[in-house]
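What follows is one structure encoded as structure tokens, with my remarks underneath.
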Amino acid sequence: MAKKIVTFGEVLLRFSKSGYKRIGQGNLYNGDFGGSEANVAVSLATLGDDIQYVTRLPKNQVGRACQLHLNKYNVGLDHIVWGGDRLGIYYFEEAAAIRNSNVIYDREASSFYSLKPGMIDWHEVLRGADVFHCSGISFAISRNAADAAMEAMEVADEMGLTIS
């Protein structure tokens with residue numbers, strides 16, 4: 001029987017160039033959605049687990065596109081918090097030859113950055129769950145995001161979930 005797993009974290013819009021180009025080369029970017037906990041949610045949903053992904057998305061076309069993207073992979077999104085002005089972004093340069101990959105983050109004032117404790121009813125979100133997954137990244141984005149992540153961890157512990 002599949003376990004119910006709840007993941008929590010920021011989803012970002014990734015911009016990258018094709019053909020191993022650097023950020024400053026060429027004019028075209030490819031866009032995709034990702035982020036540590038969203039990637040975990042997609043992977044586990046693909047394996048057949050019952051996944052709920054909790055995040056905060058802007059209530060605009062970019063947030064909706066992200067929701068549709070995650071829906072393709074059967075990731076449960078029943079507890080999305082809508083609000084804030086923008087989705088966090090990162091620019092990714094793929095490694096090539098002896099050059100390492102490079103990542104530039106732009107997440108200040110993103111919807112997740114401005115998430116606050118009390119915005120999510122963790123007792124409701126975690127009801128019936130077996131596992132709660134959150135990475136250290138969520139704690140490093142902003143003080144409010146860290147407090148919201150700690151709130152989730154405390155409720156998950158109180159409810160006896162396995163915490164990953």
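Under the classification rounded if a/c is under 1.5, otherwise prolate if a/b is larger than b/c and oblate if not, where does the range 1-64 fall, given a ≥ b ≥ c as square roots of the Cα gyration tensor eigenvalues?
Values: a/c = 3.48, a/b = 1.94, b/c = 1.80.
Judged from the Cα gyration tensor, the range 1-64 comes out prolate (a/c at least 1.5, a/b above b/c).
Based on alpha-carbon centroids, what's the gap between the range 1-47 and the range 100-142 in Å, whole number please?
A separation of 15 Å, based on Cα centres.
Spelling out what I want: for every residue of the range 54-69, take phi, set θ = phi - 60°, compute 6.51 cos²θ - 1.76 cosθ + 1.60 (Karplus), and round to whole Hz; glycine and proline get x.
My calculation for the range 54-69 gives 10, 7, 10, 10, x, 8, 8, 5, 5, x, 5, 4, 5, 4, 4, 4 Hz in order.
Using modelled backbone amide H atoms (1.01 Å from N, in-plane), which distant-in-sequence or interchain residues come within less than 5 Å of Gly88's amide H?
Leu13, Ser111, Phe112
Grab the DSSP H runs of the chain that are 4 residues or longer, score each as -39,500 (n - 2.57), total them, divide by all residues and round the 222 nm result to the nearest 500 deg cm²/dmol.
It lands at -8000 deg cm²/dmol.
If you count, for each residue, the other Cβ atoms within 10 Å and average over each peptide, how do 107-116, 132-141 line up from highest to lowest?
The peptides rank, most packed first, as 107-116, 132-141.
Could you pull the Rg and Dmax for the range 33-156, using just the Cα atoms, both in Å?
Taking only Cα atoms of the range 33-156, I get Rg and Dmax of 15.0, 49 Å.
Given 10 Å bins starting at zero, what is the percent of C-alpha pairs of the range 88-148 in each, up to the one with the largest pair distance?
Each 10 Å bin holds this share of Cα pairs: 18, 36, 27, 15, 4.
What percent antiparallel are the DSSP beta bridges of the range 44-118, to the nearest 5?
Close to 65 percent.
Taking the Cα centre of the chain as the origin and placing charges on Cβ (Lys, Arg +1; Asp, Glu -1), which of Gly88, Met159, Ala129 is farthest toward the positive end of the dipole?
Towards the positive end, the residue furthest out is Gly88.
How far is helix 36-46 tilted, in degrees, relative to the longest principal axis of the Cα atoms in the chain, given as a value from 0 to 90 rounded to the nearest 10?
Once rounded, the angle reads 70 degrees.
For the range 1-60, which whole percent of the accessible surface, found with a 1.4 angstrom probe, sits on carbon and sulfur atoms?
50
Using only alpha carbon pairs under 8 Å that are at least six residues apart, calculate the relative contact order of the range 37-139 and give it in whole percent. Kindly include the intermediate steps, with their values, before the conclusion.
Details: 131 pairs, mean separation 25.1, N = 103.
RCO, the range 37-139: 24 percent.
Taking the Cα centre of the range 25-164 as origin and charging only Cβ (+1 Lys, Arg; -1 Asp, Glu), how large is the dipole, in debye to the nearest 20?
540
Provide the percentage of antiparallel DSSP beta bridges, counting only those with both residues in the range 32-164; round to the nearest 5.
Around 55 percent of the beta bridges assigned by DSSP in the range 32-164 are antiparallel ones.
In Å², what does the accessible area per residue of the chain work out to with a 1.4 Å probe? If you can, show how the numbers build up before the last one.
Values: 8670 Å² over 164 residues.
Per residue, the chain has 53 Å² of solvent-accessible surface.
Of Lys59/Lys116; Lys21/Lys72; Lys21/Lys116; Lys4/Lys72, which ones are farther than 27 Å apart at the Cα? Mind dumping the intermediate values first?
Working: Lys59/Lys116 17 Å; Lys21/Lys72 29 Å; Lys21/Lys116 38 Å; Lys4/Lys72 18 Å.
Over 27 Å apart, Cα to Cα: Lys21/Lys72; Lys21/Lys116.
The values are calculated or read from the model by the stated rules, or taken from the named source; none is laboratory data. In this text, all values refer to a predicted model and were calculated from it rather than measured experimentally. Cβ coordinates were reconstructed from backbone atoms using ideal geometry, including for glycine residues, and neighbour counts include every protein chain displayed. These area figures cover heavy atoms from the full protein model, side chains too; ligands, DNA and RNA do not enter into them. Shrake-Rupley method; radii C 1.70, N 1.55, O 1.52, S 1.80 Å.
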